[in-house]
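The values are calculated or read from the model by the stated rules, or taken from the named source; none is laboratory data. These numbers come from a predicted model, not from an experiment. Note that each Cβ is placed from the backbone with ideal geometry, even for glycine, and that neighbours are counted across all protein chains shown. Each accessible area value is taken on the protein alone, full model and side chains, heavy atoms only, with ligands, DNA and RNA left out. Shrake-Rupley method; radii C 1.70, N 1.55, O 1.52, S 1.80 Å.
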Number of protein chains: 4
Amino acid sequence: MADKLTDIKEELALANRILAHEGVLDAFGHVSVRHPGDPGRYLLSRSRSPALIEPADILEYTLDSEPVRPPTAHLYAERVIHGCIYQARSDVTAVCHHHAPSVMPFVIAGKPIVPVFHLGAAIGEEPPFWDQQDEFGDTNLLVVKPEEGRSLARALAHHSVVLMNRHGATVVGNGLKELVSRSIFMCQNAEYQLRALTLGLVAPLPSGEIELAGAISRLANVVGRTWEYWSARVPGNKPTAAARAKRAKPAQPAKRRKARRR
Amino acid sequence: MADKLTDIKEELALANRILAHEGVLDAFGHVSVRHPGDPGRYLLSRSRSPALIEPADILEYTLDSEPVRPPTAHLYAERVIHGCIYQARSDVTAVCHHHAPSVMPFVIAGKPIVPVFHLGAAIGEEPPFWDQQDEFGDTNLLVVKPEEGRSLARALAHHSVVLMNRHGATVVGNGLKELVSRSIFMCQNAEYQLRALTLGLVAPLPSGEIELAGAISRLANVVGRTWEYWSARVPGNKPTAAARAKRAKPAQPAKRRKARRR
Amino acid sequence: MADKLTDIKEELALANRILAHEGVLDAFGHVSVRHPGDPGRYLLSRSRSPALIEPADILEYTLDSEPVRPPTAHLYAERVIHGCIYQARSDVTAVCHHHAPSVMPFVIAGKPIVPVFHLGAAIGEEPPFWDQQDEFGDTNLLVVKPEEGRSLARALAHHSVVLMNRHGATVVGNGLKELVSRSIFMCQNAEYQLRALTLGLVAPLPSGEIELAGAISRLANVVGRTWEYWSARVPGNKPTAAARAKRAKPAQPAKRRKARRR
Amino acid sequence: MADKLTDIKEELALANRILAHEGVLDAFGHVSVRHPGDPGRYLLSRSRSPALIEPADILEYTLDSEPVRPPTAHLYAERVIHGCIYQARSDVTAVCHHHAPSVMPFVIAGKPIVPVFHLGAAIGEEPPFWDQQDEFGDTNLLVVKPEEGRSLARALAHHSVVLMNRHGATVVGNGLKELVSRSIFMCQNAEYQLRALTLGLVAPLPSGEIELAGAISRLANVVGRTWEYWSARVPGNKPTAAARAKRAKPAQPAKRRKARRR
């Protein structure tokens, strides 16, 4: 477990840096994973901008968002977003909260983001909105109280993304790499959807395409290629010796590959 | 005082470089702070593009924008912006004048920038406009004369930002870090507001949210995280040994942190 | 042939990196060339993001998109795009499939990209659309089956570009450098066309201008200048000693150049 | 003269690199200066992308755009733009031809660029258009023939900028630094003008402001600050020892500077 925990902390720190470099996160935003050995715990960095996060910054929390060990640093004020979602969704093992620039116009105008290209199908049919004003009146829009986190988790329901009016968005995934892909593709989708509006009406993908294309980011071929690319783009990223050896010999043995039928 | 002056000059030079790197300043624009020991003086670089400013460039001025020591370099022609605002506003200890790309469309079209997301609330309800043409007729739009600076300060009044038609904007703050945050969040807000217009009508945050969210940038947690991030992004920024030691042991001692109630 | 194959693999790897750096390709997309010695074969990397591709990644395929040697790595699922086009178009010796951001709004809105400036004439009069839904109903929009690749090639017909609804585009060329130019100019053209719509109606170039300007990217002067520039921009690109020697003595001898008549 | 020629070639090479880095030039475009010792000659690089130009690339031409010494490299096909303008305008000592992205939407839609902020006044009241189609019918839109260059120069007339439909723009200046400033400010102006249109009607600066603000880029204070900044931004730019020494002791001696009256 110790090795597994070390690995997941390294991967989570890298995920933070990837999402910062790809423009999903900036000074703000955060990414967590459910503890690999205990579903009643999750891992999240101390309060630090994602681009700077190192494995040693990763802390362990209960699902009530209490730190397991006494903290020696500031904590993210909005960590209840993560804890409440892990409580509500047993299928979710990774969560990202962000204010990505391409998504902000939609949560400001209160207009839906819909999948408009194949990779954007990762967000599902139509992410729901959540407006903190509805249940809590005037606030500073930070999700800090447990009841606010629970309200957000209710709005998320079974979806992959919840849009937070005048604030940002929260993305969930089964697996950290799926979460990272979904977050990046969501931002690309939002960007293209907005720009396409200059050209005319924009329709979402048909439901059948959404269902099928939504699985693209889980194809083994795709996961390997994207993770390698996004990792390599992170400034100063030095892969572990183990990772480099693994990359030199990709997983698939010498099997003859025909152009695959679906 | 000498040490304090050295520190504030280093911080002001860094603030210039941060705002340049974050796209608020470019070849033009400038940042000043009120002298920490004498409210009748302020500190501002000699005429140099912000990205290149070093502590040795920082000069001391009277509130009449006269250099305290004989200058050996060009001075900013628009330094009266700073002096006149320090004269008019005893609560202001930092001032930034900029032509940030995301703000320019608004000061060109003469349309208001309003807070549209939580961090944008840092600009206040609705920054006023100031048009140099109104009092001074045709000019080259540079604020050079003391009477022009005083006119601008009158338009700023009690606000945090004043928009300058066909020119740019001036931002004030109580503290340099608050000023830097406000300037950066203002630019993000303007960018999102403009892009959201493609999607439909855009409403500002409700007044209650503006009041509460406007204080986010002053939360200790947030100040530390953002300053560390923006500083780290400045190319070639080498933190002082003191700052590095301070970062290694974040300020908060080992206190148990419950998810905080507001 | 061995030397020629080594050279073409180096050039193809570089073309991948150029197109990644110029924003045409990202985590996804791919570039191939027809085998210089055997028109029944083509060269395409194993499944890897273009920015990372090295000559050793380049594999050889039959036009049925079967790898010639047993693969030891994942292959691009959409390689049939390349094989089917090489089968249908004997004049084509290079193919690029991409999801370039500037093109995506058009394939999402289903609006044509037309040449709007001289370099954009490289795409021809008006690239056709291909919608996978028409022949194949709901799919994940990846072109994986041979029949899907053949359908795409039919839509491409004699054109230089085919737009793929809700997916991206495929570009062809006679020569790798022509393909790279065409891909980059296509993206610039799409970007300018979209932005010009804010200003009013946008008309394509007259047909006579399209025909003449379409040949610009093949002018010897232009090919040399652009390839040198795009190559130099690729991070970490170290030209071969042969290439450096060739650049030091450009091809044209000491001939007196008058301002040329057309 | 030899030293002066060496200096001007270094400055011209740097100007090319500055304009490339600031996004005015890319693979295409070029900058020239009139020969400092002979108004019947001008200096222009051999055909090479501006970002890569070194002093050794700079060649000397007659105003008929004939190279003075036998060339050993490709020449810019469109050099007649420079020669014809130097012939027509004795006040012009620097010329830049570009396809800058922010300007392209205007020359594609055929809509005027007007000064909308103080620095944009550098372009003058309203640059004229020139459409190669009018006199020459269908061409590839490259300005290659002397008669085409002369036609362009007639359209430029006494203006500072001429917009070239479906192609790009040409900018002139009295002095290389003025030309570089004008080119960069023109691009910023175009960008802001386009974006401001999303907000509503956009009016140009009043004529009196255009006249006064148009001189900003010539203020000694401004020239020094901008040139230092743009030079420093060029990757790998190593200032000569002479330039570094000059920068350490800025030109103005110890004179008391009062806030200046206009």
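Quick notes on this structure:
- Chain B versus the axis that turns it onto chain C: the residue with the nearest Cβ and the distance in whole Å amount to B:T198, 5.
- Sorted from shortest to longest, the distances between the D:D91 label points of this copy and the other copies are 5.1, 5.1, 7.2 nm, with each point 7 Å from Cα along the line through the beta carbon.
- 10 Å Cβ neighbours from other chains, averaged over peptide A:223-235: 4
- Per-residue SASA entry for A:E125, accessible area with 1.4 Å probe, Å² rounded to 10: 100
- Seen from D:P115, the other residues with C-beta closer than 15 Å to its C-beta sum to a net charge of -3, counting Lys and Arg as +1 and Asp and Glu as -1.
- Interface burial for A against B (accessible surface, 1.4 Å probe, total of both chains, Å², rounded to 100): 4200
- Label-to-label distances for D:A56 across copies, nearest first, come out at 3.4, 3.4, 4.8 nm, using points 7 Å from Cα in the beta-carbon direction.
- Surface composition of region D:1-117: carbon plus sulfur atoms contribute 50% of the solvent-accessible area (1.4 Å probe, protein chains only, all chains present).
- Global geometry of region D:147-218, whether rounded, prolate or oblate, following the gyration tensor of its Cα atoms and the 1.5 cut on a/c: oblate
- Dimensions in Å of the protein assembly as shown - Rg and Dmax from alpha carbons: 29.4, 82
- Alpha-carbon spread of chain B, three principal axes, descending order, Å: 61, 54, 32
- Average accessible surface area per residue within the protein assembly as shown, 1.4 Å rolling probe, Å²: 38
- Sorted largest first by accessible area at a 1.4 angstrom probe radius, with every protein chain in place, the residues D:R34, D:R233 fall in the order D:R233, D:R34.
- Take each residue of peptide A:202-210, count the partner chain Cβ atoms within 10 Å of its Cβ, and average: the result is 4.
- Spatial separation of Cα centroids for region A:164-209 and region D:5-84, in angstrom: 46
- Debye-sum result for region C:102-188 in log10 I(q)/I(0), which assumes one identical scatterer on each alpha carbon, at q = 0.23, 0.24 Å⁻¹: -1.16, -1.23
- Candidates C:T72, C:T170, C:T226: whichever shows maximal mean-square fluctuation once chain C is modelled as a Gaussian network with Cα springs under 10 Å: C:T72
- Given R0 = 51 Å, the distance between the Cβ atoms of C:E135 and D:L201 translates into a calculated FRET efficiency of 0.60.
- The residues neighbouring D:P127, those whose beta-carbon lies less than 15 Å from its own, together hold a net charge of +1 under the Lys/Arg +1, Asp/Glu -1 convention.
- Label points for C:L201 are taken 7 Å from Cα along Cα→Cβ. From this copy to the others they lie 2.3, 2.3, 3.2 nm apart, shortest first.
- Per-residue HN-Hα couplings for region C:2-15 [Karplus 6.51, -1.76, 1.60; θ = phi - 60°; Hz; x = Gly/Pro]: 4, 4, 5, 5, 4, 4, 5, 5, 5, 5, 5, 4, 5, 4
- Shape class of region B:84-233 from the Cα gyration tensor (axes a ≥ b ≥ c, square roots of the eigenvalues): oblate, since a/c reaches 1.5 or more and a/b does not exceed b/c.
- Links that overshoot a 21 Å alpha carbon limit, given the list D:K9/D:K145; C:K9/C:K177; A:K4/A:K145; C:K177/D:K9; B:K4/B:K177: D:K9/D:K145; A:K4/A:K145; C:K177/D:K9
- Per residue convex hull volume, Cα atoms of region A:64-132, in Å³: 144
- Environment charge of B:W230, counting only residues whose C-beta is closer than 11 Å and scoring Lys/Arg +1, Asp/Glu -1: +1
- In Hz, Karplus ³J(HN,Hα) per residue of region B:43-56 (6.51, -1.76, 1.60; θ = phi - 60°; x = Gly, Pro): 10, 8, 5, 5, 5, 7, 5, x, 5, 9, 5, 10, x, 5
- Reduction of at least 20 Å² in accessible surface, 1.4 Å probe, comparing all protein chains with the chain by itself, residues of region C:122-158: C:Q133, C:D138, C:T139, C:N140, C:L141, C:L142, C:V144, C:K145, C:P146
- 1.4 Å probe, heavy atoms, protein only - residues of region B:12-60 losing at least 10 Å² accessible area vs chain alone: B:D26, B:A27, B:F28, B:R46, B:S47, B:R48, B:S49, B:A51, B:L52
- Computed over region D:1-150, the alpha-carbon pair-distance distribution with 5 angstrom bins reads 2, 9, 16, 21, 22, 16, 9, 4, 1, 0, each value a whole percent.
- Region B:1-89 - convex hull of alpha carbons, volume per residue in Å³: 89
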